[in-house]
Amino acid sequence: FASHESPSSYLHKLDGRDAAAEILVRVTDTAYVGKKLPWLPPPTFFRAELLALKLNGEKAFTPVSGKVMVRAEEAAPFYGDFLVLNGTFRLPGQECLYRSTAVYPDSVSPAGERREVLGFDYDAYLKNRGIRRIFYASEYEKCDGELNFLQRGYRLILRGRERILAAVTAPIRDDENKGMIAALLFGCPQGVDHEARRSFIFSGTVHIFTVSGLHVGIVALLVGLLLRGVP
């Protein structure tokens with residue numbers, strides 16, 4: 001990472017420490033589908049491109065670059081939205097799902113490097129995606145920004161996906177089944193809750209959530225149905 005970081009990377013300003021800051025980001029996460037589907041909750045975290053940074057005590061924003069993972073309670077931004085967020089950068093080392101714990105007479109703490117069967121290293125997960133920090137936002141607001149042609153086009157495609165998802169799931173009454181369809185066919189992983197995810201992992205069938213021949217076959221079938229009237 002050190003050899004590939006741009007001189008404008010926000011990591012240089014953080015200097016390896018946690019820090020309070022105000023940041024300007026462009027949302028790059030495609031999992032959100034807006035507020036029109038109340039049965040599909042927003043993901044806990046969303047990916048974003050960091051555009052400008054103002055550390056606590058500084059008077060002006062500094063243009064920067066880099067990817068960041070953001071946690072903002074009750075936020076439901078859409079791909080391409082520009083947001084100004086107040087909060088803190090934190091190292092992701094302690095963000096570890098299913099971490100084993102040790103209970104002592106006067107405290108509860110992580111039990112070293114020991115993990116349960118479902119061990120998940122969130123730090124490694126982020127680094128594999130080129131993300132080095134998590135930003136915990138306490139306040140946020142939308143702001144204006146300019147998207148390029150491809151970003152505007154992709155935003156329109158995702159709006160179309162939202163309408164198709166709403167139409168496909170409209171006849172289904174059970175929210176759990178709706179969420180499964182959203183995860184399997186529309187790329188919205190938040191459709192599968194924690195307990196369902198555990199069941200898929202234990203049963204060895206979690207691979208169905210990755211892009212595979214099954215998904216390619218489904219897309220081919222849908223395209224074939226749409227084009228069946230074409231000679």
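Consider ALA196 carefully, then state whether it is assigned to a helix (DSSP H, G or I), open to solvent by less than 80 Å² (accessible area, probe 1.4 Å) and within 28 Å of GLY80 (Cβ to Cβ). No: the conditions fail for ALA196.
GLY112 meets each of the listed conditions (1) crowded, with 19+ Cβ neighbours inside 10 Å; (2) at pLDDT below 80 apart from (1).
Just one of the listed residues (PHE89, PHE78, PHE46) is over 23 Å from LEU184 (Cα atoms), at pLDDT 90 or above and of a type outside the set (Asp, Glu), namely PHE89. Considered as a group, the residues in region 199-225 that are assigned to a helix (DSSP H, G or I) and of a type in the set (S, T, N, Q) include one that is farthest from ARG161 (Cα to Cα), and that residue is SER203. Restricting attention to region 66-75 and to residues that are within 18 Å of LYS142 (Cα to Cα) and part of a loop (DSSP other than H, G, I, E, B), the residue that is modelled with the lowest pLDDT turns out to be GLU74. Each residue in region 56-70 was checked for being surrounded by 17 or more Cβ atoms within 10 Å (Cβ to Cβ) and at negative phi, and 5 pass.
Restricted to region 170-193, and to residues that are free of Cβ contacts under 8 Å to residues at least 24 places away in the same chain and assigned to a helix (DSSP H, G or I), which residue is most open to solvent (accessible area, probe 1.4 Å)? Walk me through it before giving the result.
Filtering region 170-193 for residues free of Cβ contacts under 8 Å to residues at least 24 places away in the same chain gives 170-174, 176-177, 180-181, 192-193.
Right, trim to assigned to a helix (DSSP H, G or I) and you get 176-177, 180-181.
On the way: GLU176: 115, ASN177: 85, MET180: 43, ILE181: 40 Å².
Out of the qualifying residues, it is GLU176.
Here's the yes/no breakdown for (1) part of a loop (DSSP other than H, G, I, E, B); (2) at pLDDT 70 or above; (3) exposed (fewer than 11 other Cβ atoms within 10 Å of the Cβ):
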position: ASP123; (1), (2), (3): no, yes, no
position: GLY130; (1), (2), (3): yes, yes, no
position: GLU141; (1), (2), (3): no, yes, yes
position: LEU150; (1), (2), (3): no, yes, yes
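Taking the criterion of being within 16 Å of TRP39 (Cβ to Cβ) and over 19 Å from the mean Cα position of the chain (by Cα), the residues of region 169-224 that qualify are THR169, ALA170, PRO171, ILE172, ARG173, ASP174, ASP175, GLU176, ASN177, LYS178. Residues in region 42-65 that are of a type outside the set (Phe, Trp, Tyr), in a loop (DSSP other than H, G, I, E, B) and under 12 Å from the mean Cα position of the chain (by Cα): PRO42, PRO43, THR44.
The values are calculated or read from the model by the stated rules, or taken from the named source; none is laboratory data. Note that the structure is a prediction, hence the values are computed from the model and not measured. When we count neighbours, we look across all protein chains shown, and the Cβ atoms used for this are built from the backbone with ideal geometry, even at glycine. Note: accessible area is taken over every heavy atom of the protein model, side chains too, but ligands, DNA and RNA are not part of it. Shrake-Rupley method; radii C 1.70, N 1.55, O 1.52, S 1.80 Å.
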